[in-house]
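The values are calculated or read from the model by the stated rules, or taken from the named source; none is laboratory data. Since we're looking at a predicted model, the values are computed, not measured. So basically every Cβ, Gly included, is an ideal-geometry build from the backbone, and we count neighbours across all protein chains shown. Each accessible area value is taken on the protein alone, full model and side chains, heavy atoms only, with ligands, DNA and RNA left out. Shrake-Rupley method; radii C 1.70, N 1.55, O 1.52, S 1.80 Å.
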Amino acid sequence: MGASVGKTARVLVVDDSAFYRQSLSLMLNEIPGVEVIGTAADGLEAIQAITKCQPSVITLDLEMPRMDGFGFLRWLMRTMPTPVLVVSAASDAANVFRALELGAADFLAKPTHRASWEILQVRRELEAKLQAILAASPAKLRERAAKSAALPVSAPIVKKVERPSVDRITMIAVGASTGGPAAIQTLISTLPYDSTCAVSVAQHMPPGFTASFAERLNRLSEWRVVEADSGHWCRGGEVLICPGGRHLSFERQGDRVRTVLEDAQATDRYTPSVDRLMASSAEVYGSDLIGIILTGMGHDGRQGMALIKKRGGFTIAESEETAVVFGMPNEAIQEGAVAVVAPLHGIVDQVVRHLTAGARKVG
């Protein structure tokens, strides 16, 4: 039995599969501090249930008859904003990110698309997700979702044609967890393209989802955004997203740097690991490194940010003003590992200011 979620959570389970309604309810009711107060087979039933039982958290399937998860989310965020955990298969990855843009707080990956008792294997992750969601601010989730949804998904941004730098570059290492996909999307879509910089991202995410995440970011940015693979030579003008279920690090060979991917182990608490990405980046890039820690629960990134600062890099933490969950940024701040604390919309300004000051020193 894991640790309690820390407060009473009244959960509504919404799924068109009777099997998944039953199995999710079983797992949830076994978690201390959690009570399943109702179930619904589609969005219309969920609306009726919410008005009666007023849940504190909702687990939500997306593909349902009559009213699907998207229609329900639109109604929910306009009418009775409530934290939502999407429960979906990896094959629905694109739909998951659409749901996050509509205001869902986080998602849980089903082990398989078909009804299977394998779903019981995710109980520990389900409890961790509930902990994070209960620590999140519904108001900040709604605000961030509204900004993400306003970005022009249907009009891909034309990529810069200049040749990306392959020599000395500044690496920007970014880490996030709960609330992170929308925060990273805002950051990457507003960060000015710079062929002398590269970006690497560790967002806590299971296998099967990061490729869709990278594709979406690539459509919204002047940067070339890809899911990282092992042995890739780092180039300026690129954003590397660590694949779900793996860890990303770097190794230097002469004047060039390439990526190294390792499979996560069952004992790893955080995957992909922000600490591992940042520690490796600090070893390889030294003072040519900017570390950014965004919203998330837990302490992943605390040690990595400290090492970046120790090696002469520049460190930024998202402020409580905009962080959906202030856990990870606050841990780094309390460690004394952060040079600047800024709201999400001010982080890009801090990056540009630092790069400009560095260019003046070099000149």
The chain: antiparallel DSSP beta bridges as a percent of all, rounded to 5: 15
Determine the share of the chain's accessible area contributed by carbon and sulfur atoms, expressed in whole percent, with a 1.4 angstrom probe. 49
Give the whole-number value, in cubic angstrom per residue, of the convex hull volume spanned by the C-alpha atoms of the chain. 126
Hey, got the dipole for region 292-363? About the Cα centre, +1 on K and R Cβ, -1 on D and E Cβ, debye to the nearest 20? 540
Residue 230-residue 37 pseudo-label distance in nm [points 7 Å out on the Cα-to-Cβ vector]: 4.8
How tilted is helix 138-149 with respect to the longest principal axis of the chain? Cα atoms for both, answer in degrees (0 to 90, nearest 10). 60
Residue span residue 268 to residue 196: 0.36 nm per residue of separation minus Cα-Cα distance leaves a gain in nm of 22.6 nm
Set the Förster radius R0 to 35 Å, insert the Cβ-Cβ distance between residue 219 and residue 26 as r into 1/(1 + (r/R0)^6), and round the FRET efficiency to 0.05. 0.35
Extreme residue, positive dipole direction of the chain, given options 220, 191, 177 (C-beta unit charges): 191
Put a dot 7 Å past each Cα toward the Cβ at residue 253 and residue 353; how far apart are the dots in nm? 4.0
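For region 32-85, rounded, prolate or oblate, judged on the Cα gyration tensor with a ≥ b ≥ c (square roots of eigenvalues), a/c < 1.5 rounded, else prolate if a/b > b/c? The partial results should precede the final answer.
Details: a/c = 1.64, a/b = 1.43, b/c = 1.15.
Prolate shape, in that a/c is at least 1.5 and a/b is the bigger ratio.
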Against the longest principal axis of the chain, how steep is helix 123-135, in degrees 0 to 90 to the nearest 10, with axes from Cα atoms? 80
May I ask for the net charge around residue 246, where only other residues with Cβ less than 11 Å from the Cβ of residue 246 are counted and Lys, Arg are +1 while Asp, Glu are -1? -4
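In nm, what is the difference between 0.36 nm times the number of residues separating residue 44 and residue 283 and their Cα-Cα distance?
Between residue 44 and residue 283, full extension yields 80.7 nm more.
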How far apart, in nm, are two points set 7 Å out from the Cα along the Cα-to-Cβ line at residue 167 and at residue 94? 4.1
Rounded tilt (10° steps) of 69-79 against the dominant C-alpha axis of the chain: 90
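Could you rank the peptides 339-352, 310-323, 48-61 by their average count of other C-beta atoms within 10 Å per residue, with the highest value first? Please list the in-between numbers first.
Details: 339-352: 17.5, 310-323: 21.0, 48-61: 19.1.
Descending packing order for the listed peptides: 310-323, 48-61, 339-352.
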Protection proxy ranking, peptides 286-294, 78-86, average beta carbon neighbours within 10 Å, highest first: 286-294, 78-86
Where nothing but the Cβ of Lys and Arg (+1) and of Asp and Glu (-1) is charged, how large is the charge dipole of the chain around its Cα centre, in debye to the nearest 20? 680
